[in-house]
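Everything below concerns the one structure shown next.
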Amino acid sequence: MSILPPSTIGILGSGQLGRMLASVARRMGYRVHVYGPGPDSPAGQLADVSWTSPYEDLEQVRAFAQAVDVVTYEFENIPLLTAEAVSEICPLRPGITALQVAQNRQREKSFLQENGLPVSPFRIINSESDFAPFDWPLPAVLKTAESGYDGKGQVVIREHGAAASAWEAIGRQSAVLESFIDLEKEISVIIGRDVQGNMVTYGPIENNHVNHILDLSLCPAEVDPNITKMALINAHTIATSLDLIGVICVEFFIASNGQLLVNEIAPRPHNSGHLTIEGHVTSQFEQQLRTICGLPVGDASQQRPAAMANLLGDLWLEGEPKWHRATPNGMVKVHLYGKKEARPGRKMGHLTVCTEEVRAAREIVLAARERLKLAR
């Protein structure tokens, strides 16, 4: 049964992804409740009701679930007990299975391998003895099983004698040891899947990172058609295997030898998909809303090539940027997330440009961001 306006959407998590979902929900006539631990949050600023409590406060979580008609989450580190408490009261979409897989790299790698998806060679690490014998090809990357994002919780091992110190550096916690990939390019594919199992696809989107943080996204990606075909097949397999209802992003590595590898999954809208707001008929956020509410998937066709550049807190070091410098002709679209404190490396907003050719969009959006840096 479809959940129609003026029903109430519940969002676990109160950051910028929840904010952009709330914006779409309000436009389409839904009410919005947001649950998160911090006051005056990006999503809470747009919500009808903002619940400010820890995720571990299950009494409040249950009260939140009773006040809404469906719940989704905007990041994958929601405690499983919180998700279970919600799902006992109202629909939770995408659901607990996707959450369990995505929030733990050990489970994620095992899930991908069990479903025949291409991943880099890996070893599960739960104790120092799991390194022995340490015959792993170097360099390698040690990643914490949980709570790592934007490069956090990762250590590169370059010498065979450095394994113990690397494990010490991540707090001697459960981890995954992965072979280091000689990387040509990173891409992502975003899938929307409705309650009937119908799917639509965004991408592939080409992604460039700086210091492990997404810096620039381009769509369409300039990749071999065979890579595109395999990426879409793999993303469909993942969404179907999880019986997903909602939106999921699948991140891929393209190795220098042309091999396509699944890096990780995120069962929610993704930073690389922000360009769908201006670039596509239905944005990833409207797609999230439609699918969790039992509506048919929306048209995901791309209207024009698009480029998106992140705005990090470093840009605020000398005060508020002069936004008019970025938008002299209205072609550059500015999205700010309403965060009160700018910190280096913190995602504060993004710029998007749509034009007739993706390389031109790239140059325009990078030039616009550069003008903000010079406007001091």
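Laboratory data are not the source of any read-out in this text; all were calculated from the coordinates shown. Bear in mind the structure is a predicted one, so any value in this text is a computation, not a measurement. As a convention, Cβ positions derive from the backbone with ideal geometry for all residues, glycine included, and neighbour counts pool all protein chains shown.
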Query - Exposed GluC sites (Glu not before Pro) absent: longest stretch of the chain, with sites in DSSP loops and at most 10 other Cβ within 10 Å deemed exposed - result: 160-317
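Pairs of Cα atoms under 8 Å, at least six residues apart: use those to get the relative contact order of the chain, whole percent.
Values: 840 pairs, mean separation 52.3, N = 376.
Relative CO of the chain lands at 14 percent.
For region 1-70, what's the relative contact order in percent, using C-alpha pairs closer than 8 Å and at least 6 residues apart? Mind showing how you got there, number by number?
On the way: 123 pairs, mean separation 25.2, N = 70.
Relative contact order comes out at 36 percent.
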Report task. Report, in whole Å, the centroid distance computed from the Cα atoms of region 70-145 and region 263-322. Result -> 24 Å
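Which net charge results for the neighbourhood of residue 341, defined as the other residues with beta-carbon distances under 14 angstrom from its beta-carbon, given Lys and Arg at +1 and Asp and Glu at -1? Before the final figure, lay out each step's value.
Details: positive: 339, 340, 343, 346, 347; negative: 40, 314, 320.
Here the count lands on +2.
Net charge around residue 145, counting only other residues with Cβ within less than 10 Å of its Cβ (Lys, Arg = +1; Asp, Glu = -1)? Before the final figure, lay out each step's value.
Numbers: positive: 105, 107, 109, 143; negative: 108, 146.
My count for the surroundings of residue 145 gives +2.
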Report task. Let me know the Rg and Dmax you get for the chain when you use only its Cα atoms, in Å. Result -> 20.6, 61
**Report entry** Leading residue at positive end of dipole, the chain (Cβ point charges), from 121, 241, 358
**Finding:** 358
Report summary line: The set of residues whose placed amide H lies less than 5 Å from the amide H of residue 157, leaving out same-chain residues fewer than 5 positions away, is 140, 141, 142
Query raised in the report: What ³J(HN,Hα) values, in whole Hz, does the Karplus curve 6.51 cos²θ - 1.76 cosθ + 1.60 give for region 54-66 when θ = phi - 60°, with x put for Gly and Pro?
Result: x, 5, 7, 7, 5, 5, 5, 4, 5, 5, 4, 5, 6
Query raised in the report: Using modelled amide H (1.01 Å from N, peptide plane; none on Pro or chain starts), what sits under 5 Å from the amide H of residue 282, excluding residues fewer than 5 places away?
Result: 301
**Report entry** For residue 209, residues with placed amide H under 5 Å, excluding near neighbours
**Finding:** 215
Query raised in the report: Under a GNM of the chain (C-alpha, springs under 10 Å), which listed residue has the highest mean-square fluctuation: 175, 166, 65?
Result: 166
Query raised in the report: From the phi of every residue in region 245-253, what ³J(HN,Hα) in whole Hz does the Karplus formula 6.51 cos²θ - 1.76 cosθ + 1.60 yield, where θ is phi - 60° and glycine or proline is x?
Result: 10, x, 10, 9, 10, 10, 9, 10, 9
